[in-house]
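Q: The structure under discussion is supplied below as structure tokens; questions concerning it will follow.
Every number in this text was worked out from the coordinates using simple rules, so none of it is lab data. Given the structure is predicted, the values throughout are model-derived calculations rather than measurements. As a convention, Cβ positions derive from the backbone with ideal geometry for all residues, glycine included, and neighbour counts pool all protein chains shown.
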Amino acid sequence: GDTSVLAGLYGPVEVKGSKESPDGATLEVLLRPKVGLPGVGERSREQLLRRTCEAVVLGALHPRTAITLVLQVLSDAGSLLSCCLNAACMGLLDAGLPLSSLFCGVTCALGAQGSIVLDPTARQEQEARAVLTFAIDSTERKVLMATTKGSCSVEEMQQCLAAAQRAADTIFQFYRDSVRRKYSK
Amino acid sequence: FRTVEPLEYYRRFLKENCRPDGRELGEFRATTVNIGSITTADGSALVKLGNTTVICGVKAELAAPAVDSANKGYIVPNVELPSLCSTKFRSGPPGEEAQAASQFIADVIENSQIIAKEDLCIASGKLAWVLYCDIICLDYDGNILDASAFALLAALKNVQLPSVTINEETGLSEVNLKQKNPLVIRKHPVATSFAIFDDTLLIVDPTAEEEDLATGTVTVVTDEEDRLCSVHKPGGSPLTGAKLQDCITRAITRHKEVKKLIDKVIRSIKP
């Protein structure tokens, strides 16, 4: 919808001595909000994104290097975390980094009567009883990352997860289309 | 062998379905809790999960409520991982782990509605309580999120708020320290953490060594009605829905044990 996030990826580049890791690449994520300085919420999201990306990027192929991902929030109209996840994945794709699988972010909002809304707007998020965000991977539709806001029952979570896995197919199709469009020009 | 090739050392144990410290894969470390240890704080609790030691102190102060929510007070959690608890942390501004943990605790408080913010209001639009919850880790041996959540819950149960009246003529507040009321705790959220190894194995309550070797972690917070307050899985190896369900069932069992422990301790301090 109206949420937009700009992702910039730099790497693999040289890294300073202390951060260097002989096992593989060191991933760094910086998330900049639209207004204000990054706060604790941003740090927590950065950690989520970093761990998700670390799981897919084949760091072992580029030891002692750093990969930096910078995300700038241009506008927030709901489902911000999923938008960041999708932007990060497309950035990784565009940079040509070796990945074990793709991932996509899906947000579900649970309404008061148990109705599931995928990709909610800011208004729907506020009115929802619970908002769940999942990062689903492309190979086996397994859950890479999960966060919830608000409480829900276990069955509702499973339903949201199933809905998110189905929605992941549409998003992966979109990835394929955009990449095809870019390289066919 | 353990220092040279820690992962292989661990794998050998995992093949036999146990861990170097003698625990089963699904067994928690010994949990002890000590309530009311800090006399200068309004509420406090010390929790030990094996070697991981976390202390939580709650201080209550008065403030004017925000303009858009005039009848709500504030709860401000802050998790600190000082350099004394582990060589991993340096002194200076809070690192990423401390900030992520603070955000996690704030989310748990918000999601589980452990305290209704309306309860913290004294006079709508004029005066409300602010609860500063400082959670400090004294010894870091893994599973900091579980210990912090538990310490927070125990400390909040221990908090006694003095009654406050507003003097009609002067408009000032008068705090009556002699008359104290305990806080109304609505829900009891309990966090359970798991570490994922090699995309398949799930172990409960990881130590610091296990956390370093793990390929991912999951934390599930449940409350007494078996509802999920939070599922926190920051990246790491992918999990199928069935595995996640397994984690949730174990978290629910753990919740019952922890609740019994807390109730026992609360009952023992009441005269």
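Q: Quick test for you: out of B:Lys72, B:Lys59, pick the one residue that is within 21 Å of the chain's Cα centre (by Cα), of a type in the set (Lys, Arg) and closer than 23 Å to B:Val108 by Cβ.
A: B:Lys59
Q: Restricting to strands (runs of 3 or more DSSP E) lying wholly in the range B:73-187: which have 1 or more residues that are within 14 Å of chain A (Cβ to nearest Cβ) and surrounded by 16 or more Cβ atoms within 10 Å (Cβ to Cβ)? Steps first, answer last, please.
A: Working: elements: B:74-80, B:121-123, B:127-139, B:160-166, B:173-182.
Passing ranges, in order: B:74-80, B:127-139.
Q: Within the range B:51-71, identify whether any single residue is of a type in the set (D, E, K, R), part of a strand (DSSP E or B) and out of contact with any Lys or Arg (no Cβ under 7 Å at 6 or more places or on another chain), and answer yes or no.
A: At the first step, the residues of the range B:51-71 found to be of a type in the set (D, E, K, R) are B:59, B:61, B:68.
Adding the requirement that they be part of a strand (DSSP E or B) leaves B:59, B:61.
The next check asks that each one be out of contact with any Lys or Arg (no Cβ under 7 Å at 6 or more places or on another chain); those that pass are B:59, B:61.
Yes; the residues of the range B:51-71 include at least one that is of a type in the set (D, E, K, R), part of a strand (DSSP E or B) and out of contact with any Lys or Arg (no Cβ under 7 Å at 6 or more places or on another chain).
Q: Being in a helix (DSSP H, G or I), at the interface with chain A (Cβ under 10 Å from one of its Cβ atoms), touching a strand residue (DSSP E or B) at 6+ places or on another chain (Cβ under 8 Å) and buried (at least 19 other Cβ atoms within 10 Å of the Cβ): is that true of B:Leu228 here?
A: No; evaluated as a whole, the condition is false for this residue.
Q: Could I ask something else about it? Kindly state which strands (runs of 3 or more DSSP E) lie completely within the range A:1-99 and contain at least 2 residues that are without any contact (Cβ under 8 Å) to a residue 60 or more places away in the chain and touching a Cys at 6+ places or on another chain (Cβ under 8 Å). First the steps, then the outcome.
A: Numbers: elements: A:4-14, A:26-32, A:65-75.
Here the list reads A:26-32.
Q: Is there a residue being closer than 30 Å to B:Asp226 by Cβ, in contact with a helix residue (DSSP H, G or I) (Cβ under 8 Å, 6 or more places away or on another chain) and assigned to a helix (DSSP H, G or I) anywhere in the range A:119-131?
A: no
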